[in-house]
1. Just to confirm, what accessible area per residue do you get for segment 22-99 at 1.4 Å probe, in whole Å²?
2. Given 0.36 nm per residue, what is the gain on full extension from residue 95 to residue 27 after removing their alpha carbon distance, in nm?
3. Match the structure shown to one of the listed values (1) 53, 30, 24; (2) 43, 36, 23; (3) 35, 34, 21 of Cα extents along the principal axes in Å, computed from it, and give that label.
4. Take the solvent-accessible surface of the protein heavy atoms, probe 1.4 Å, and return the percent of it on the chain that carbon and sulfur atoms account for.
5. Rank 46, 13 by accessible area, highest first, at a 1.4 Å probe radius?
6. Any chance you could give the angle, 0 to 90 degrees and rounded to 10, that helix 23-33 forms with the longest Cα principal axis of the chain?
7. Please give the solvent-accessible surface of residue 82 in Å², to the nearest 10, using a probe radius of 1.4 Å with every protein chain present.
Amino acid sequence: LAVFDDHSNRPLYLGRSKRIATADHRIVCHARDRGCTRPNCTQPGYRCEVHHCPGWAGGGRTDADALWFACPRDHAGETNGHYTTTPSNGRLAWSDGNGPPEINHAHHPDELLNDPDDDP
């Protein structure tokens, strides 16, 4: 089953039919992630690979909402078991096993300016 974006008729949800992310998937990742999703990594999106979460080998799907940016170094680290990744509120959280999963704010400076005590 392939689900298409209404405006372009280009598939964004490929399930397990295809492993490699398309250019359209990269556009979605760039709009959402802007760069590597591992906390404190500042690699921009154009230097990132597309990471499946859950991983492809574990049954991951090539769907727009299951793909995330990771720089080559961090992507390899996750693939080799040095990190674990978990989706969290529309973002990807990473952990090295020494603490709770965290998201990367480096590409989203607006998040750092928000005061959690302010009324919306």
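1. In whole numbers, segment 22-99 has 50 Å² accessible per residue.
2. 21.9 nm
3. (2)
4. The value for the chain is 51 percent carbon and sulfur by accessible area.
5. The ordering from most to least exposed comes out as 46, 13.
6. 20 degrees
7. Looks like 120 Å² after rounding.
The values are calculated or read from the model by the stated rules, or taken from the named source; none is laboratory data. This one's a predicted model, so the numbers in the text were calculated from it and none came from an experiment. Heads up: the accessible areas ignore ligands, DNA and RNA and are worked out on the full protein's heavy atoms, side chains in. Shrake-Rupley method; radii C 1.70, N 1.55, O 1.52, S 1.80 Å.
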